[in-house]
Amino acid sequence: LVKFEKTRAQFASAFKGLLFTLTCVWTVVYLVFQKPLNELFSLTTGQGILMLVLIWTSSVFQLWAQEERANFQYKTLVIITLLFSVCTPALGILFIFLSEDSVTARILGMALSSILFYAWMFVGQLKKGKTFFSKEIWIYALGLALPLIPHYLSQMILSGFDRIMISELVGDAKAGIY
């Protein structure tokens, strides 16, 4: 954002356009291969879709937060973060008590909180920057992000590997407690 200081709004807007496009592409890929992916990750299709929503909304927040930091506007960022930190567990607990499927209820609570708190950031930055697609910005963004994919994939695998091993060795209930 610092490099694109004069066109920061357009940069953020185009970045959000790329993020939304990639999320839609991965959603289509997930839906095409949902059966093997659901079996691999022990998810239902609803849980998979909710997790894609979570990935999208958390990325929307991260991009918005970066812009707020670049503009030295921390007050709104702190307020949103604190409200989200209170609302998300509260909704999760409420949905868990109201549902028989506690896993889906927890994911739904997180997804609903994320949509309520972060969707306006997506719309607001698109309106402000008025740029959904910019070839220059998308190429720049992909050039930064693509080399990091192996790193993030390995990080996800390593962070989840202990739960997978515990689940395989002693069961899902023990892995859930872990």
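The values are calculated or read from the model by the stated rules, or taken from the named source; none is laboratory data. These numbers were taken from a predicted model, which means no experiment stands behind them. Cβ placement follows ideal geometry from the backbone for every residue including glycine, while neighbour counts extend to all protein chains displayed. Only protein heavy atoms, including side chains, enter the accessible area calculation; ligands, DNA and RNA are left aside. Shrake-Rupley method; radii C 1.70, N 1.55, O 1.52, S 1.80 Å.
The table for this structure:
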quantity: Sole residue being under 14 Å from the mean Cα position of the chain (by Cα), open to solvent by less than 60 Å² (accessible area, probe 1.4 Å) and at pLDDT below 95, chosen from SER58, SER99; calculated: SER58
quantity: Filter result (among the aromatic types (Phe, Trp, Tyr) and open to solvent by 50 Å² or more (accessible area, probe 1.4 Å)) within the stretch 29-48; calculated: PHE33, PHE41
quantity: Any pair with Cβ under 6 angstrom, 6 or more apart, that starts in the stretch 93-110 at a residue that is free of Cβ contacts under 8 Å to residues at least 12 places away in the same chain and under 20 Å from ASP172 (Cα atoms) and ends at one that is part of a helix (DSSP H, G or I) and not charged (D, E, K, R); calculated: SER99/ALA105; SER102/ILE96
quantity: Subset of the stretch 31-45 (residues that are modelled with pLDDT of 95 or more and within 24 Å of LEU116 (Cα to Cα)); calculated: THR45
quantity: Matching residues, the stretch 2-28, being among the hydrophobic types (A, V, I, L, M, F, W, C), over 12 Å from the mean Cα position of the chain (by Cα) and open to solvent by less than 50 Å² (accessible area, probe 1.4 Å); calculated: PHE4, ALA9, PHE11, ALA12, ALA14, LEU18
quantity: Given (1) in contact (Cβ under 8 Å) with a residue 24 or more places away in the chain; (2) open to solvent by less than 50 Å² (accessible area, probe 1.4 Å), number of the condition LEU83 does not satisfy; calculated: (2)
